[in-house]
1. Using alpha carbons only, how many angstrom separate the centre of the range 182-237 from the centre of the range 251-316?
2. In what sequence do F300, F99 fall when counting other Cβ within 10 Å, fewest first?
3. In µm²/s, what is D for the range 171-301 at 4 °C and 1.567 mPa s, where D = kT/(6 pi eta Rh) by Stokes-Einstein and Rh is the Kirkwood radius from Cα pairs?
4. With 10 angstrom as the radius, rank I144, I70, I310 by how many other C-beta atoms surround their C-beta, starting from the fewest.
5. Determine by what factor the alpha-carbon radius of gyration of the range 89-146 differs from 2.2 N^0.38 Å, reporting the quotient.
6. Please report, in debye to the nearest 20, how large the charge dipole of the range 181-264 is about its Cα centre when each Lys and Arg carries +1 at its beta carbon and each Asp and Glu carries -1 there.
7. Which order results if S93, S272 are arranged by neighbouring Cβ count within 10 Å, fewest first?
8. By the gyration tensor of its Cα atoms, with a ≥ b ≥ c the square roots of the eigenvalues, what is the shape of the range 246-316: rounded for a/c under 1.5, prolate for a/b over b/c, or oblate?
Amino acid sequence: MSVRIVYPSALEYWLEEKGVPLGVNVFAGVDAIPSGRKGVRQQVSELSFKMPVHIAVPKKMNRAKSDEIIYHAMSKRVPPESFQKLADGVFISCPELCFLQAAAELPVFKMVQLANNLCAMYILDPYEDYGQRRRDPITSVNEIRQYLEGIHRFPNIQNAKVAIRYALDHSNSPMETNLATLGMLPWRYGGYGLKAPVLNLDVNLSDTGAEHLGRETVCCDMVWTEEKVVLEYDSNLAHLSPDQHAKDKRRITALSLSGYQVISVTANEVRSFRTIEELFLRVRKALGMKTDPERVETNFEKRYDVVHDIMFPKSR
């Protein structure tokens with residue numbers, strides 16, 4: 001007998017402090033899923049999931065709900081690599097399937113944010129100083145896209161396919177994830193329709209820039225290589241010290257000497273819709289993107305709601 005843990009419990013696993021599971025990709029046969037609550041409870045009792053735990057079952061008649069377990073009917077319409085082993089007899093939706101399963105509940109802008117988090121270089125961890133720690137990405141935009149191409153007739157798959165068009169790899173913090181999400185979303189989805197940047201790219205400095213900084217490369221938060229534009233987010237936690245402030249100025253000078261236009265934004269400058277709006281309109285201008293005032297006005301209410309949902313969720 002085996003148990004398959006699915007969204008949203010699977011999402012909790014992938015995005016919080018539990019890390020990447022040990023074991024290889026395996027398929028938990030649909031017909032092997034127990035429908036009895038007692039067997040399931042025994043198999044997941046040692047795993048630290050929030051209750052209730054969401055479990056897949058093969059047939060609608062198996063669906064049930066309790067304070068501890070919620071069952072979801074799920075057929076064999078997913079590829080064999082869709083589940084990964086957590087422990088003997090316990091399997092979990094892989095990040096790609098978790099993304100697909102989330103599409104049934106989340107709007108496109110939340111799906112883009114989710115993809116950016118799944119493809120990030122960090123994981124939330126309340127025991128770390130900044131509430132996160134570094135890890136290797138557990139998936140990539142390309143892996144999610146390829147996974148979706150192999151799926152047929154899955155509920156809400158089109159929402160997932162639309163969202164993955166605007167996701168980016170290698171975010172290094174929740175704020176980078178949020179800014180990338182808003183920047184990449186088209187106007188019609190409540191974003192700013194930017195060209196796609198590269199996140200956390202090592203930029204090669206010119207000889208003059210390298211001489212000024214004392215090294216040949218500098219890692220930048222968001223880089224538009226063709227336009228030579230850089231967006232740098234300076235969090236209060238990491239950039240308040242005088243020493244760090246001086247280092248940041250040297251980085252900016254080195255990038256400027258290398259032909260890059262640097263747009264810096266601090267935590268204080270992303271605390272209101274107005275300042276966020278000003279930031280992205282400034283980035284559009286730096287990228288040489290024309291901004292139609294009528295479009296800005298037409299999509300204002302949608303953009304206002306999306307910005308608040310992404311940047312200030314606790315206020316909603």
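Just so you know, all these numbers are worked out from the coordinates, no wet-lab data involved. The shown structure was predicted, so the numbers you read here are calculated from the model rather than taken from an experiment. Counting neighbours? That spans all protein chains shown, and the Cβs are built from the backbone with ideal geometry, glycine included.
1. For the range 182-237 versus the range 251-316, the Cα centre distance is 14 Å.
2. F300, F99
3. 84 µm²/s
4. Fewest-to-most ranking of I144, I70, I310: I70, I310, I144.
5. 1.24
6. Working: 8 positive and 11 negative charges, 47 e Å.
Dipole of the range 181-264, to the nearest 20 debye: 220 debye.
7. The order, fewest Cβ neighbours first, is S272, S93.
8. Judged from the Cα gyration tensor, the range 246-316 comes out oblate (a/c at least 1.5, b/c at or above a/b).
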